[in-house]
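The values are calculated or read from the model by the stated rules, or taken from the named source; none is laboratory data. Quantities reported herein were computed from a predicted structural model and do not represent experimental measurements. Note that we place each Cβ from the backbone using ideal geometry, even for glycine, and neighbour counts take in every protein chain shown.
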Amino acid sequence: MVFFVGPVPENSTLVSLEPEDAAHVSRVLRMQPGQDIMVYDSAENRLSCVLEDVGKGHVTARILTREPAGNEPSVAVTVYAGLSKGDRFEYLIQKCVECGVRHIVPFVSRFCVAVPKAGDYDKKRERFARIALEAAKQSGRSRPPTVGNILTLDAVLQEAAGADLGLFLWEKENQMGLSRRLNAAPGAKTYAIVTGPEGGFAPEEWAGAHEAGLHSVSIGPRILRCETAPVAALCAIMYHTGNFDIGE
């Protein structure tokens, strides 16, 4: 079982779980002292621990070994995704976390169907954060990716342009493929993927991305769903940068 905690001093021999995790350990999993757990701290250290004190609202574990986790991607990828309806955005979060995303930012654009009312997104963001956290635990990440606040597309374009390589996925792009664009940016360490909602992007939105300095790319001749396209692009980046390779 994997858990995340904040900073743990080098000389510390004990670690306490967050209250929500402690409740899960004691009430749901019904774990007992003497059982093993794996903990990742905010410095991305892997702490092999054994439960020492299990209470209703607190859990303390003794640290047996501490070592750098070394299982996070060597590149930082942010996915900027147009809000989609139903559980599509939740699927997008889950799969992007499994594939190595660092940060996910939802945005509203012209063809978004799901536009939350003012104040309604806070509850959604809490749910999105829980989905990201559970996906990080399931996939063995050593740091849980974050889910940001809703931005406008204009704000997204300006932010994404700050990455070493900013990619704008557009289904009407017919000159530049993702693979060729990745090959043209050797040494990039930060990537931004901007991907649209169900209705895609309007021509003027593509023009805005071009003006902001993003690179319009195609990811193939087939039209992918809005929840599939960012996962496909993310996987391509991870493969291109050696993060889907187990070595020689």
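Couple of notes before you dig in:
- Scanning the stretch 49-74 for residues that are of a type in the set (Gly, Ala, Ser), more than 30 Å from Ala163 (Cβ to Cβ) and either within 19 Å of the chain's Cα centre (by Cα) or assigned to a strand (DSSP E or B) (or both) yields a single hit, Ala61.
- Test: Arg181 is assigned to a helix (DSSP H, G or I) and basic (Lys, Arg): yes
- Check on Glu159, assigned to a helix (DSSP H, G or I), assigned by TED's automatic domain parsing to the domain that holds Leu92 and exposed (fewer than 15 other Cβ atoms within 10 Å of the Cβ): no
- Residue in the stretch 27-37 that is without any contact (Cβ under 8 Å) to a residue 60 or more places away in the chain, of a type in the set (D, E, K, R), out of contact with any His (no Cβ under 8 Å at 6 or more places or on another chain) and surrounded by 14 or more Cβ atoms within 10 Å (Cβ to Cβ) present: no
- Residues in the stretch 51-74 that are hydrophobic (A, V, I, L, M, F, W, C), modelled with pLDDT of 95 or more and within 21 Å of Thr146 (Cα to Cα): there are none.
- Top-ranked residue in the stretch 132-156 [being outside any loop (DSSP other than H, G, I, E, B) and β-branched (Val, Ile, Thr); ranked as farthest from Pro106 (Cα to Cα)]: Thr146
- Residues that are crowded, with 19+ Cβ neighbours inside 10 Å and either among the β-branched types (Val, Ile, Thr) or part of a loop (DSSP other than H, G, I, E, B) (or both) within the stretch 84-98 comprise Ser84, Ile93, Val97, listed in sequence order.
- Matching entry among Val101, Val77, Val105 (being at pLDDT 95 or above, assigned to a loop (DSSP other than H, G, I, E, B) and crowded, with 16+ Cβ neighbours inside 10 Å): Val101
- Residues that are over 22 Å from the mean Cα position of the chain (by Cα) and buried (at least 17 other Cβ atoms within 10 Å of the Cβ), drawn from the stretch 1-15: Val8, Val15
- Failed item in (1) out of contact with any His (no Cβ under 6 Å at 6 or more places or on another chain); (2) crowded, with 18+ Cβ neighbours inside 10 Å; (3) modelled with pLDDT of 95 or more, with Leu167 passing the rest: (1)
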